[in-house]
Amino acid sequence: MIRPLICLLAFFVSVFAVAEDSPLPSKDKFHLFLLVGQSNMAGRGVVEEQDKVVNPRVLMLSKEGKWVPAMDPMHFDKAAAGVGLGKTFGQIIAKATPGVTIGLIPCAVGGSPIDAWMPGVFYPPTKSHPWDDMVKRVELALPAGTLKGILWHQGESDSKAELAPSYAAKQSDLVKRLRELVKAPEVPFIAGQMGVFEGVPWTPEKKVVDQAQRDLPKQVPHTAFVTAEGLNHKGDKVHFDSAAYRELGKRYAAAFLQMTK
């Protein structure tokens, strides 16, 4: 009888610890990163034990607006949210910057086209306003730290004949608006490639969106493109599996460190 009670007590203590605000460092030592896009940024990987291990120097802004230890699933856009790239990214950046705490701001919305990331736009599938909701979370987070980067993964919903041709212009405008929002005109912006899965051919429209993402560093200063070559999907031919998300997080981190070294 005693052992079950101890286990139950340990469970509630761990839940309470995650639910409460974590102590924060000074603003200059709290480096923030914004996570935006659709489901492959939110993450749809199966959560494993390693994804539950926390690093005291890697925090995330919870759905309730509290700074808590980063743990997958970080996003809350849909019930399917799972392992994503953010936690691995944060761990690597924390290791590369001793004495600094990393704060991740999850804001991605599964299925959202780039047009949903405009002020005032309502996105019916999630009954949310992707841009407006993000603005609220950014305004809540920025007083505590310093924004150091924006991570973007999106494009599948725009890989359609009527949308793909205008993607490049919309992407450049998005970068501009995000930088204006965070008042950081040169903050690094990193775009990740859609899944390049073996046996899953791309449509011409998807190739157009991909080319726009590849060309972003040529069109907009202080931006980077991260490849998804060689990564696997989770069986649905759309979303990466858990191992692929972790690898993608490593690639985003490598790109950021290369941009800022």
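The values are calculated or read from the model by the stated rules, or taken from the named source; none is laboratory data. This is a predicted model, so every value here is computed, not measured. Virtual Cβ from ideal backbone geometry, glycine too; neighbours counted across all protein chains shown.
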Quiz item: Within the set of pairs 6+ apart or on separate chains, which have a first residue in the stretch 52-66 that is farther than 13 Å from T101 by Cβ, a second that is assigned to a loop (DSSP other than H, G, I, E, B) and modelled with pLDDT of 95 or more, and C-beta atoms under 6 Å apart?
Solution: K52/M71; K63/F76
Exercise. Read through the list (1) under 17 Å from the mean Cα position of the chain (by Cα); (2) touching a residue at least 24 places away in the same chain (Cβ under 8 Å); (3) surrounded by fewer than 15 Cβ atoms within 10 Å (Cβ to Cβ), then give the number of the only condition that P165 fails.
Key: (1)
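Here's the yes/no breakdown for (1) outside any helix (DSSP H, G or I); (2) surrounded by 13 or more Cβ atoms within 10 Å (Cβ to Cβ); (3) not aromatic (F, W, Y):
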position	(1), (2), (3)
V200	yes, no, yes
V208	no, yes, yes
Q213	no, yes, yes
L216	no, yes, yes
F225	yes, yes, no
L231	yes, yes, yes
D236	yes, no, yes
Practice problem: Quick one: which residue in T97, T101 is of a type in the set (S, T, Y) and either buried (at least 17 other Cβ atoms within 10 Å of the Cβ) or closer than 25 Å to S172 by Cα (or both)? | Solution: T101
Quiz item: Considering the stretch 156-195 alone, what residues qualify as being under 25 Å from H233 (Cβ atoms), out of contact with any His (no Cβ under 8 Å at 6 or more places or on another chain) and not in a loop (DSSP other than H, G, I, E, B)?
Solution: E156, S157, D158, A164, Y167, Q171, I190
Quiz item: Of all residues in the stretch 227-242, which are in contact (Cβ under 8 Å) with a residue 60 or more places away in the chain and among the small types (G, A, S)?
Solution: S242
Quiz item: at pLDDT 95 or above, farther than 11 Å from L34 by Cβ and loosely packed, with under 14 Cβ neighbours inside 10 Å, is that true of A191?
Solution: no
Quiz item: What number goes with the only condition from (1) modelled with pLDDT of 95 or more; (2) over 21 Å from M74 (Cα atoms) that K261 does not pass?
Solution: (1)
Quiz item: Which of the following residues is surrounded by fewer than 24 Cβ atoms within 10 Å (Cβ to Cβ) and either among the acidic types (D, E) or within 16 Å of the chain's Cα centre (by Cα) (or both): K29, K52, K63?
Solution: K63
Quiz item: Is at least one residue of the stretch 116-136 in contact (Cβ under 8 Å) with a residue 40 or more places away in the chain and basic (K, R)?
Solution: no
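Could you grab me the full set of residues in the stretch 177-188 that are surrounded by fewer than 17 Cβ atoms within 10 Å (Cβ to Cβ) and touching a helix residue (DSSP H, G or I) at 6+ places or on another chain (Cβ under 6 Å)?
So the first thing to find is which residues in the stretch 177-188 are surrounded by fewer than 17 Cβ atoms within 10 Å (Cβ to Cβ), and the list is 177, 180, 183, 185-186.
Passing the criteria: only P185.
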Exercise. Could you tell me which residue of the stretch 77-91 is nearest to H153 (Cα to Cα), considering only residues that are out of contact with any Pro (no Cβ under 8 Å at 6 or more places or on another chain) and outside any helix (DSSP H, G or I)?
Key: L85
Self-check item: Condition met for V135 (surrounded by fewer than 17 Cβ atoms within 10 Å (Cβ to Cβ), hydrophobic (A, V, I, L, M, F, W, C), at pLDDT 95 or above and over 13 Å from the mean Cα position of the chain (by Cα))
Solution: yes
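Suppose the filter is surrounded by 14 or more Cβ atoms within 10 Å (Cβ to Cβ) and touching a Gly at 6+ places or on another chain (Cβ under 6 Å); does M259 pass it?
Spelling it out, it is not the case that M259 is surrounded by 14 or more Cβ atoms within 10 Å (Cβ to Cβ) and touching a Gly at 6+ places or on another chain (Cβ under 6 Å).
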